[in-house]
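The values are calculated or read from the model by the stated rules, or taken from the named source; none is laboratory data. Not measured: the values here are computed from a predicted model. Ideal geometry is used to build each Cβ from the backbone, glycine not excepted, and the neighbour counts take in all protein chains shown.
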Amino acid sequence: MKLNEILKELNLREVQRWTLFSIVIGIVAGFGAILFYLGLSAFSNYVVGGIGGYYPPVPGGEPQLFGHPATSIRWVLFLLPAAGGLLAGIIIYTYAPEAEGHGTDAVIDAYNNKRGFIRKRVPIIKAISSIITIGSGGSAGREGPIAQIGAGFGSTFASFLKLSDRDRRIMVICGTAAGIGSIFKAPLGGAIFAIEVLYKSDMETEGLVPAFISSTVAYSIFSSFFGWGHIFTTPSFNFTDPKELVFYGILGILCAMTAILFVIIFYGLRDKVFKPLKIKPHFKPAIGGLLVGIIAIIFPEVLGTGYGWTQIAINGDIVRMSIILMIVLVLAKILATSFTISSGGSGGVFAPSLVIGAMIGGAFGQFMALVFPGIITQPGSYALVGMGALLAGVAKVPIAAIIMVSEMAGNHNLLAPMMVASTISYMLAGKWTIYEKQVENRASSPAHRRELTVDILDSALVKDAMTTDVVTISPSLSVQGVLDLIHKYGYIGYPVVDEKKLVGIITFEDAEKVPFDKTDSTPVKDVMTRELIVAEPEDSLEDALLELLDKNIGRLLVVDSNDPTKLVGILTKLDIIKAHAKLSSRR
């Protein structure tokens, strides 16, 4: 068999292997999404609805799975987030503390810093605690939990198969893509999100194709149970007037400013309010939930995911969602989400980001329609564009945001406006990100640092760093003479040369073994080391350094490639450090 045929066969086997892996992850994540969605819907319906008597509107594309219980104790509604926070906090900090917060960040951290390892119990604890947190009225979303559920299975599957760290990381990407793509009914967006969310300004492109497969399989399974429609229904929005790009650009600026505010409040409350509290972390989510309940007394719209209110903003229903209410809900939702998650509760920030973006866009669109009625004819479209722009800025996923929002709404007619607004928001938001575990790019990630950084020492040669002006000694020189040279030059090792031939080396350690009263009478040849560790001029500095470290010595004698008795130089660790610094400065 020819070499090219062998390579083709090996490549085919790799494709087949990853196709199989991706399908398995997609199947498990798809059914996991079904169970999580059913559990969350049931818990929310019978707790917030059945006990608190609050049934928020649902987005146009999501089915009503359960009937509404007739009995309720409305005043208890505002205590439910605290009760849910207490129960979730106890579960999280007892069994899996890494399940606290928004799970996507934990996935990013596992990928970049933990070789893709996620403990087996984490997905289960994350699912249970998120169902309790969100289902009791906590302001959080489904993306974090389902991302951690899918990624957790991918990590476990890789460990079961004893795959490499690289393969485990790709499986984490597959699980994330499958979870996001299924529960948001956005298979393409889910795959792009999984490879884009890891970095602030880069993508994990090697996981793209497996992510496509996993996301598509999971989406197909999930939609087979809950229907193939989109999460949101939208009017027939169209982009027909280029002048509107100016307004969409302004919306991008507003979303960038809001994204920065969101991040500041979110982590400010965590670091300056909840972390300093001198109580067990088990109880902090209850305090966060109590604060959410206080907000909900006036603005119950902040409870839960808030997708139904987003749908109303998209519809442009100014009677149910006035401009003033939408503006107020921007800050209220930021605070409620921060109280829920920054306190240690479990849930995602994806849904709150979409809600906040929709409120900004909805209010801006309605206001501009009043000022410029001849230009702004579809104010609800700004709510949709605001969703993508806010997500792009706050999560550093501009491409995924555009694609996912378009898929979730089933409307691709606003791609151009969304690209403008999302790009502006992403750029202006700068370093601010809701995912603090994101690194700048692949080169900054410990997962790729070795493979993406040019190994300077490997590309440099011994002859580039060695010292050629070597002080040598005769085998007949006394040990005292060696000690005098050490005192004079500071070198602690000297090659021993006899008639221009290298015969050994003597170091300070060798010399100090000779009794003080015999240093004058003892010749070097009696104490020198004859078994030499040498390097050649064409050896790489990396190999030389590894030899120094492996043998635990401070210098290598460099000999001619064709004559091992001909000394041409000496190489020390200091020489290698100097060469590395010099070569690095040129890059």
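For the stretch 320-335, the candidate set comprises residues that are part of a loop (DSSP other than H, G, I, E, B) and surrounded by fewer than 18 Cβ atoms within 10 Å (Cβ to Cβ); within that set, the residue that is modelled with the lowest pLDDT is Arg320.
Among the candidates Val420, Val482, Val471, Val462, the residue that is surrounded by fewer than 17 Cβ atoms within 10 Å (Cβ to Cβ) and either assigned by TED's automatic domain parsing to the domain that holds Asp575 or closer than 18 Å to Ile250 by Cβ (or both) is uniquely Val471.
The single condition among (1) within 18 Å of Val471 (Cα to Cα); (2) more than 55 Å from the chain's Cα centre (by Cα) that Tyr491 does not meet is (2). Of the residues making up the stretch 541-554, one or more are in contact with a Leu (Cβ under 8 Å, 6 or more places away or on another chain), in contact (Cβ under 8 Å) with a residue 24 or more places away in the chain and under 19 Å from Val471 (Cβ atoms).
Scanning the stretch 53-67 for any residue that is crowded, with 17+ Cβ neighbours inside 10 Å, assigned to a loop (DSSP other than H, G, I, E, B) and in contact with a Lys or Arg (Cβ under 6 Å, 6 or more places away or on another chain) turns up at least one such residue. Sub-6 Å Cβ pairs linking a first residue in the stretch 344-368 that is within 22 Å of Val197 (Cβ to Cβ) and hydrophobic (A, V, I, L, M, F, W, C) to a second residue that is in a helix (DSSP H, G or I) and at pLDDT below 95, at least 6 apart or interchain, are Phe350/Glu143, ordered by first then second residue.
Can Ser155 be described as under 24 Å from Tyr307 (Cβ atoms), crowded, with 20+ Cβ neighbours inside 10 Å and not acidic (Asp, Glu)? Against the criterion (under 24 Å from Tyr307 (Cβ atoms), crowded, with 20+ Cβ neighbours inside 10 Å and not acidic (Asp, Glu)), Ser155 does not qualify.
Restricting attention to the stretch 539-554 and to residues that are touching a helix residue (DSSP H, G or I) at 6+ places or on another chain (Cβ under 7 Å) and part of a loop (DSSP other than H, G, I, E, B), the residue that is farthest from Ala460 (Cα to Cα) turns out to be Gly554.
The single residue among Ala29, Ala42 that is assigned to a helix (DSSP H, G or I) and buried (at least 19 other Cβ atoms within 10 Å of the Cβ) turns out to be Ala29.
Counting residues in the stretch 222-245 that are free of Cβ contacts under 8 Å to residues at least 40 places away in the same chain and of a type in the set (Val, Ile, Thr) gives one or more.
Within 26 Å of Leu290 (Cα to Cα), in contact (Cβ under 8 Å) with a residue 40 or more places away in the chain and surrounded by fewer than 21 Cβ atoms within 10 Å (Cβ to Cβ), is that true of Ile73?
Answer is no for this residue.
Within the stretch 193-245, the set of residues being small (Gly, Ala, Ser), in contact with a Gly (Cβ under 9 Å, 6 or more places away or on another chain) and at pLDDT below 95 comprises Gly227, Gly229. If you check Ile576 against the conditions, is it in a strand (DSSP E or B), crowded, with 19+ Cβ neighbours inside 10 Å and among the β-branched types (Val, Ile, Thr)? When the stated conditions are applied, Ile576 does not pass them.
Residues that are more than 22 Å from the chain's Cα centre (by Cα) and without any contact (Cβ under 8 Å) to a residue 40 or more places away in the chain are absent from the stretch 134-149. Within the stretch 415-435, identify whether any single residue is in contact with a strand residue (DSSP E or B) (Cβ under 9 Å, 6 or more places away or on another chain) and either of a type in the set (D, E, K, R) or touching a residue at least 40 places away in the same chain (Cβ under 8 Å) (or both), and answer yes or no. Checking the stretch 415-435: not a single residue is in contact with a strand residue (DSSP E or B) (Cβ under 9 Å, 6 or more places away or on another chain) and either of a type in the set (D, E, K, R) or touching a residue at least 40 places away in the same chain (Cβ under 8 Å) (or both).
Conditions tested, residue by residue: (1) touching a Ser or Thr at 6+ places or on another chain (Cβ under 6 Å); (2) of a type in the set (A, V, I, L, M); (3) farther than 17 Å from Ala29 by Cα; (4) part of a loop (DSSP other than H, G, I, E, B).
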position: Ser130; (1), (2), (3), (4): yes, no, no, no
position: Ala147; (1), (2), (3), (4): yes, yes, no, no
position: Ala158; (1), (2), (3), (4): no, yes, no, no
position: Ala178; (1), (2), (3), (4): yes, yes, no, no
position: Phe193; (1), (2), (3), (4): no, no, no, no
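The single residue among Ser422, Ser459, Ser381 that is modelled with pLDDT of 95 or more, of a type outside the set (A, V, I, L, M, F, W, C) and farther than 26 Å from Tyr111 by Cβ turns out to be Ser381.
With respect to Arg168, is the statement that it is in contact with a Ser or Thr (Cβ under 9 Å, 6 or more places away or on another chain), in a helix (DSSP H, G or I) and more than 30 Å from Ile297 (Cβ to Cβ) true?
Yes, satisfied.
Out of the residues in the stretch 195-225 meeting the condition of being among the small types (Gly, Ala, Ser) and closer than 17 Å to Val24 by Cβ, tell me which one is surrounded by the most Cβ atoms within 10 Å (Cβ to Cβ).
Out of the qualifying residues, it is Ser214.
Reported count of residues in the stretch 86-104, each being part of a helix (DSSP H, G or I), of a type outside the set (A, V, I, L, M) and either at pLDDT 90 or above or in contact with a strand residue (DSSP E or B) (Cβ under 9 Å, 6 or more places away or on another chain) (or both), is 6.
For beta carbons closer than 9 Å, sequence separation of 6+ or different chains, a first residue in the stretch 181-210 that is in the same structural domain as Phe222 (by TED's automatic domain parsing) and a second that is assigned to a strand (DSSP E or B) and aliphatic (A, V, I, L, M), the qualifying pairs are Leu198/Val439; Tyr199/Val439; Lys200/Val439; Asp202/Val439. Taken across the stretch 512-521, residues that are modelled with pLDDT of 90 or more, loosely packed, with under 15 Cβ neighbours inside 10 Å and polar (S, T, N, Q) do occur, with at least one present.
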